[in-house]
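The structure appears right after this line, and notes come after that.
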Amino acid sequence: MDSDYDYENKVPCLDFTKGFEEGSEEWKNLCQQVRQVSEDYGCFQVLYANVVPPEQHEDMFTKMKELYDVPLELKKMNKNPRPYDGYIGRTPENLFYESMGIEYAERSDQVRNFTNLMWPAGGNPSFCESLDSMTKKMIGLEHLCLKMIFDSYGLKKYFKALVGKDKCINLVHLIRYEPLPTDEPKLGTPAHTDKGIITVLNTNIQGLEVFSKENKWIPVEPRKDTFTVFIGDSLKVWSNGRVHLSRHRVVLKEKNVKYTYVAFLAPTDDEVVEVAKEFIDEDGFHRYRPFKFMDFVRFSIADEHQGDPLQRFAGIVD
Ligand SMILES: O=C(O)CCC(=O)C(=O)O
Ligand SMILES: [Fe+2]
């Protein structure tokens, strides 16, 4: 990344394609860069074509089309009591958005169960294989970014403490946006921040925008050699506000179908999200009170449009 990066108009892009060993000079350098963009920006792109080549992204978008071609009755079988994580169909409030979700997505049997539900006559082995491979690579990238952030603060021990078994859940959403009927742009996903720890996604056409510190909406360029990474609210709490949260939204501008696949790493429902003691200064100042993750998610569902649900839910005023 250039040091004179044009922060005002572009989301920063980091290069992960050069081989680097954990602990090497290149690793340490990259850890500092990941920390810098996390603190300054809360959103960045990662060149990752050595792990996920453009053809694999291409294949995933093709597979998503196949998925959304299944009959509506089958899509509705993708049920989940967690808000957002089952099938969401188009509604009068949002005529353009549809999503399906898979939880515990790191498990191949979960991906297979989802595939068998959508294609009850024999499943769809090729879809299953594509989704399973992509999911594992996205989770791998989430873990890599987190390790780098923790390492940059000299707090590697938090990787296991935060991301350990039973503390976190991997969720995958497969989103489809309806093509625009006219030239008039439409909101596909309203402005929000991701509530979990970290998010990794890719999308096939333009529309994703992030809100900059200069109060401008900046487009995220859709690319088949990168992933886009967002820092989540839970990581902001952990760092006592050190990392930045990037509000983002989708504004549809094209008469083409937009597909997005997203991996979210989030605390489990009852996990307590709290500030790490290493980020608390001598005055003992916590910017946020501890809370159960799902209580915050439920609060923010009603409150998101106000702008900063985290501050209103858990913020402590000095
Ligand atoms: O569809 C996109 O490009 C972004 C989706 C998103 O931000 C989300 O699902 O949290
Ligand atoms: Fe998001």
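The values are calculated or read from the model by the stated rules, or taken from the named source; none is laboratory data. No experiment lies behind these values; they were computed from the predicted model shown. Please note: Cβ atoms are built from the backbone with ideal geometry, for glycine as well, and neighbour counts cover all protein chains shown. Calculation scope for accessible area: heavy atoms of the full protein, side chains included, ligands and nucleic acids excluded. Shrake-Rupley method; radii C 1.70, N 1.55, O 1.52, S 1.80 Å.
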Problem - Scope segment 88-111; condition surrounded by 17 or more Cβ atoms within 10 Å (Cβ to Cβ) and not β-branched (Val, Ile, Thr); matching residues - result: Asn94, Phe96, Tyr97, Glu98, Ser99, Met100, Gly101, Glu103, Ala105, Glu106, Gln110
Handout entry: Filter result (buried (at least 22 other Cβ atoms within 10 Å of the Cβ) and in a loop (DSSP other than H, G, I, E, B)) within segment 42-67
Key = Gly42, Tyr48
Practice task
Filter segment 68-97 down to residues that are assigned to a helix (DSSP H, G or I), closer than 23 Å to Lys186 by Cβ and among the aliphatic types (A, V, I, L, M), then give me how many there are.
Solution key: 1
Exercise for the section: Could you please let me know if Tyr177 is open to solvent by less than 40 Å² (accessible area, probe 1.4 Å) and under 25 Å from Pro53 (Cα atoms)? Expected result: yes
Practice task
Taking the options Thr189, Thr199, name whichever one is among the polar types (S, T, N, Q), at pLDDT 95 or above, near ligand 1 (Cβ under 9 Å from one of its atoms) and in contact with an Asp or Glu (Cβ under 9 Å, 6 or more places away or on another chain).
Solution key: Thr199
Practice task
Report whether or not Lys213 is touching a residue at least 24 places away in the same chain (Cβ under 8 Å), touching a strand residue (DSSP E or B) at 6+ places or on another chain (Cβ under 7 Å) and of a type in the set (D, E, K, R).
Solution key: no
Handout entry: The one condition in (1) in a strand (DSSP E or B); (2) over 23 Å from Met134 (Cβ atoms) that Tyr261 fails to fulfil
Key = (2)
Exercise for the section: Taking Glu22 as the residue in question, decide whether it is touching a residue at least 12 places away in the same chain (Cβ under 8 Å) and either part of a loop (DSSP other than H, G, I, E, B) or surrounded by fewer than 17 Cβ atoms within 10 Å (Cβ to Cβ) (or both). Expected result: yes
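Yes/no matrix, rows are residues, columns are (1) within 11 Å of ligand 2 (Cβ to nearest atom); (2) under 22 Å from Asp308 (Cβ atoms); (3) among the charged types (D, E, K, R):
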position	(1), (2), (3)
Glu184	no, no, yes
His192	yes, yes, no
Gly196	yes, yes, no
Phe211	no, yes, no
Phe227	no, no, no
Leu235	no, yes, no
Practice task
Among the candidates Leu208, Leu235, single out the residue that is within 16 Å of ligand 1 (Cβ to nearest atom), within 29 Å of Tyr68 (Cβ to Cβ) and touching a strand residue (DSSP E or B) at 6+ places or on another chain (Cβ under 7 Å).
Solution key: Leu208
